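Below: one structure, written as C-alpha cells.
The values are calculated or read from the model by the stated rules, or taken from the named source; none is laboratory data. Note that the structure is predicted; figures quoted are calculated from it, not measured. Neighbour counts run over all protein chains shown; Cβ positions are idealised from the backbone, glycine included. SASA here: full protein model, heavy atoms, side chains in, ligands and nucleic acids out. Shrake-Rupley method; radii C 1.70, N 1.55, O 1.52, S 1.80 Å.
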Amino acid sequence: MFKNILKIVVLGLIGFGLLIYFTAEKPEYVNPNVVTKSKLTLENLPKNIELVGSENIISSSTIFKKGIKTLVIVGNHDSLSVVKDLKKYFTIDMPYVMVANISAAPWFIKKWAIPGKLEELTKGSDTPMVYDYDGSMVKSLNQYDTSKTGFFAYLIDENGNIKNIYDGKVKEDAMEGSMSEDEKIASLKPLIDLLK
C-alpha cells in the first residue's frame, strides 16, 4: 500500500515537472549587441501598464505625463530593494517611477512568487512600480539587461524625450540585507549627483 502511494506521489511530481517544462514560455532572445538608434519618447512607451499592488491595467499616460520631468528606474528584485529607498536617503524634486524588469523570469515564478515580493518592496511607499510582466516597458526603453543587481535610470524631460542617464549596480542578495545603509547610499549617490 505504502509503495503504491509513493509511486503515485513520485509519478505526480514527475508529471507536474514535465507539465511546467513543456508549457513554460521560452524567453525571447534579444541580441544585446544590436544597438537601436531610434530616439526614445513617451510615444515609445506601452499604452497600458500594470502597477504593483493593483489589479487593474491603467493608461501609462496617468503615470508618465508630458510637461513633467520624471525619473524612471528599471531594475530587478535586488536593485529595486535599494532603489525603493531613494527618497529615504536623498531629496528628489521630481516624481520617479520604478519598473520591475521581470520579463525573463519563468511564467510560474511571475505568477506565484514575484508579485508578493514586489508588493513587499513597495509596502509603505508612494512611489509607483510598474509590473512589467511581458517586458513591453523595458523593450520600449531599449533595455535588455536582466541582471538582478543592475539598475538603469532614465530621465523623461518636459517635451517627452527619454534619455538613459545612469547605469548602476548593487551587491548581490541586497534584498536579503547584504548591503549596509552606507553602501546603499554610495550606490545611489552618483545618480543623485547627475540630477542636480
The condition from (1) at pLDDT 90 or above; (2) open to solvent by 60 Å² or more (accessible area, probe 1.4 Å) that Asp134 misses is numbered (1)
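Wholly within the stretch 108-179, which strands (runs of 3 or more DSSP E) include no fewer than the required count, namely at least 3 residues that are within 20 Å of Lys66 (Cβ to Cβ) and among the hydrophobic types (A, V, I, L, M, F, W, C)?
Values: elements: 129-131, 150-156, 162-169.
Answer list for the stretch 108-179: 150-156.
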With the first residue restricted to the stretch 63-92 and required to be on the phi > 0 side of the Ramachandran plot and at pLDDT 90 or above, and the second required to be of a type in the set (Gly, Ala, Ser) and surrounded by 14 or more Cβ atoms within 10 Å (Cβ to Cβ), Cβ contacts under 9 Å at 6 or more apart or on different chains are Gly67/Gly160
### Task
State whether the residues of the stretch 105-124 include one that is of a type outside the set (A, V, I, L, M, F, W, C), open to solvent by 30 Å² or more (accessible area, probe 1.4 Å), in contact with a Gly (Cβ under 7 Å, 6 or more places away or on another chain) and in contact (Cβ under 8 Å) with a residue 24 or more places away in the chain.
yes
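Applying the selection to the stretch 167-189, what residues are open to solvent by 50 Å² or more (accessible area, probe 1.4 Å) and within 30 Å of Ser61 (Cα to Cα)? Let's see the steps before the verdict.
Here is the first cut: in the stretch 167-189, the residues open to solvent by 50 Å² or more (accessible area, probe 1.4 Å) are 167, 169, 171-173, 176-177, 180-183, 185-186, 189.
Hits for the stretch 167-189 are Asp167, Lys169, Lys189.
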